[in-house]
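A short write-up of the structure that comes next.
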């Protein structure tokens, strides 16, 4: 009798177009799934919790304009920027374990909130201050709307 070490097998997902196996790819704009028969089959799917999906993972979408977030080149820093940068969307988010950090929007104007320190402690204020003066208390590292 031989001892066999069982490997943890990952589930195989199949391409909806050609039925070949799909593979998870770490792309510049975040992970996605592509057909293993590329370039013959160019089918791709979004990555949702490690599985191919037609739904979009909101972590990799700009919280303002909903375009894809792009990870900056390592020599430029550890952050993500909106792929709509050239079209006027200047959103940048810090990298948090390979994903863009969670962003929060201002309920008054819709722009991003920024964590700030004031005389009474940490709070969330609108990034467009002084144009928008909305602020929210900090509860568990999140704005309390």
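The values are calculated or read from the model by the stated rules, or taken from the named source; none is laboratory data. Remember, it's a predicted structure, so these values are computed and weren't measured experimentally. Note that we place each Cβ from the backbone using ideal geometry, even for glycine, and neighbour counts take in every protein chain shown.
If you check 106, 132, 82 for being farther than 28 Å from residue 48 by Cβ and in contact with a strand residue (DSSP E or B) (Cβ under 9 Å, 6 or more places away or on another chain), only one passes: 132.
Only one entry in 90, 117 is outside the structural domain of residue 26 (by TED's automatic domain parsing), farther than 24 Å from residue 50 by Cβ, touching a strand residue (DSSP E or B) at 6+ places or on another chain (Cβ under 9 Å) and not in a strand (DSSP E or B), namely 90.
The lone criterion from (1) in contact with a strand residue (DSSP E or B) (Cβ under 7 Å, 6 or more places away or on another chain); (2) part of a loop (DSSP other than H, G, I, E, B) left unmet by residue 95 is number (2). Scanning region 73-95 for residues that are in contact with a helix residue (DSSP H, G or I) (Cβ under 9 Å, 6 or more places away or on another chain) and free of Cβ contacts under 8 Å to residues at least 12 places away in the same chain yields a count of 0. Within region 105-114, restricting attention to residues that are buried (at least 16 other Cβ atoms within 10 Å of the Cβ) and assigned to a loop (DSSP other than H, G, I, E, B), the residue that is modelled with the highest pLDDT is 106. Of everything in region 28-70 that's within 30 Å of residue 110 (Cβ to Cβ) and out of contact with any strand residue (DSSP E or B) (no Cβ under 9 Å at 6 or more places or on another chain), which residue is surrounded by the most Cβ atoms within 10 Å (Cβ to Cβ)? Once the filter is applied, the top-ranked residue is 48.
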